[in-house]
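The values are calculated or read from the model by the stated rules, or taken from the named source; none is laboratory data. Nothing here was measured: the structure is a model prediction, and the numbers come from that model. So basically every Cβ, Gly included, is an ideal-geometry build from the backbone, and we count neighbours across all protein chains shown. Heavy atoms of the whole protein, side chains included, go into the accessibility calculation; ligands, DNA and RNA do not. Shrake-Rupley method; radii C 1.70, N 1.55, O 1.52, S 1.80 Å.
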Amino acid sequence: MLRVISPGTIAVAALATVSSLAAQQPPGTNLEVLQLRPNFYMIAGVGANVAFQVGVDGVVVVDSGSASSADAVVAAIKKVTPQPIRYVIDTSADPDHVGGNAKVAKAGQTLFTGSGGAGIAANFLGGGASILAAEEVLARMSGPSGQPSPFPLEAWPTETFNLPRKYMYLNGEGIEIFHQPAAHTDGDAMVFFRRSDVVVAGEVFDTRAFPVIDIAKGGSIQGEIAALQKLVDTAIPSVPIVSREEGTLIVPGHGRICDQLDVVDYRDMVTIIRDRVRDLMKQGLTLEQIQAASPARGYTRRYGSDTGSWTTNNFVEAIYRSMNKKPQ
Ligand SMILES: [Zn+2]
């Protein structure tokens, strides 16, 4: 099923359709395309949320979804526009965000002819769309030298950056990419489309669950809260005329479309739980004792889980380990 929803119905439609996406269905078979702005779309139901901007320069895609949904993502974009895909921007190296990289990029066409920025022919991988990410994402996707790479070469970023702020100007609008060096991982990026007024948040913001903080990959609770604060500072809510329900839209890594106040609530929730863990640590409690004291109480019904790959106890442990780490 593929539905395109017009901007007039977005406020209601985004809530209704995105939250009703059942996880049981095979990826790509129940994807939905939401038109958030005249030239800006989101695809749900393909792993992570995928966002794309359309214009005279072509299509800029943020995250490519899971590998099994890649064909469906390409088809959904092609249904909206005949313009070539020019860029895929990755918000992390997670498989549900970069799994479609190779196919989505291959379906596109690089903006560059001749040699690329580093003197490498921009079309050396066949002239597909460029894949842009923080340099940590390339390191993660290519893996340590001498070992098999977790992702095929065609899926790797073709262009990386190591600045806090990377920018481009395409399709008549500024695109800012904010690197978050220690939030979910060390390679997170949030992408702000300034004219469309949409921020694509990536894995740092998940409306269904506590944020995944992957300590082994450079994540930390401090960096997570900083990333959420950056989202709050970038977005503008519908004030002073609240009833208009306008304002900056935020596309989370997973879950429904949000506004600034939703991120404020989420940041406050994460901060409160961090503070509770810190207070219990100050009392000299062990990790097990802290987990038993339920520092996430009040939020577990909405965000928590006792099973799966990211439980409430995993989240509390990640906070504990972050706080135990000496600042670098
Ligand atoms: Zn994800």
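Numbers at a glance
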{"quantity": "Those trypsin sites (Lys or Arg not before Pro) in region 257-328 that DSSP places in a loop and that have at most 14 other beta carbons within 10 Å", "calculated": "ARG297, LYS325"}
{"quantity": "At R0 = 30 Å, FRET efficiency that the Cβ-Cβ distance of THR300 and LYS325 yields, to 0.05", "calculated": "0.75"}
{"quantity": "Backbone HN-Hα couplings from phi across region 94-107 [Karplus 6.51/-1.76/1.60, Hz, Gly and Pro as x]", "calculated": "5, x, 6, 9, 10, x, x, 3, 4, 5, 5, 5, 5, 6"}
{"quantity": "Rounded to whole Å, sorted largest first: equivalent-ellipsoid semi-axes of region 232-323, Cα gyration tensor", "calculated": "31, 15, 10"}
{"quantity": "Paramagnetic reach from THR81 (point 7 Å along Cα→Cβ, amide N under 18 Å) across region 30-59", "calculated": "33-44, 50-59"}
{"quantity": "Integer Hz, Karplus 6.51/-1.76/1.60 couplings in order for region 175-189, x for Gly and Pro", "calculated": "10, 10, 10, 9, 6, 10, x, 7, 10, 5, 9, 8, x, 6, 9"}
{"quantity": "Mean-position separation - Cα centroids, region 213-271 and region 152-188, in angstrom", "calculated": "18"}
{"quantity": "Label point distance in nm, SER243-ALA226, each placed 7 Å from Cα along Cα→Cβ", "calculated": "4.3"}
{"quantity": "Kirkwood Rh, angstrom, region 179-270 [1 / mean 1/r, Cα pairs]", "calculated": "13.1"}
{"quantity": "Tail beyond 14 Å, pair distance distribution of region 179-231 (Cα, percent)", "calculated": "47"}
{"quantity": "HN-Hα J in Hz across region 146-161 - Karplus 6.51, -1.76, 1.60, θ = phi - 60°, x for Gly and Pro", "calculated": "x, 10, x, 6, x, 10, x, 3, 5, 8, 6, x, 8, 8, 10, 9"}
{"quantity": "FRET efficiency, ILE272 to THR307 (Cβ-Cβ, R0 35 Å, nearest 0.05)", "calculated": "0.90"}
{"quantity": "Å² per residue, accessible surface of the chain at 1.4 Å", "calculated": "46"}
{"quantity": "Those chymotrypsin sites (Phe, Trp or Tyr not before Pro) in region 123-193 that DSSP places in a loop and that have at most 16 other beta carbons within 10 Å", "calculated": "PHE124"}
{"quantity": "Reachable lysines, given that their alpha-carbon falls under 27 Å from the alpha-carbon of LYS282 and they are not under 8 places away in the same chain", "calculated": "LYS217, LYS325, LYS326"}
{"quantity": "The chain - Debye-derived log10 I(q)/I(0), Cα point model, q = 0.13 Å⁻¹", "calculated": "-0.95"}
{"quantity": "Share of carbon and sulfur in the accessible heavy-atom surface of the chain [1.4 Å probe, %]", "calculated": "53"}
{"quantity": "Added length on full extension, which subtracts the Cα-Cα distance from 0.36 nm per residue, LEU285 to VAL56", "calculated": "76.6 nm"}
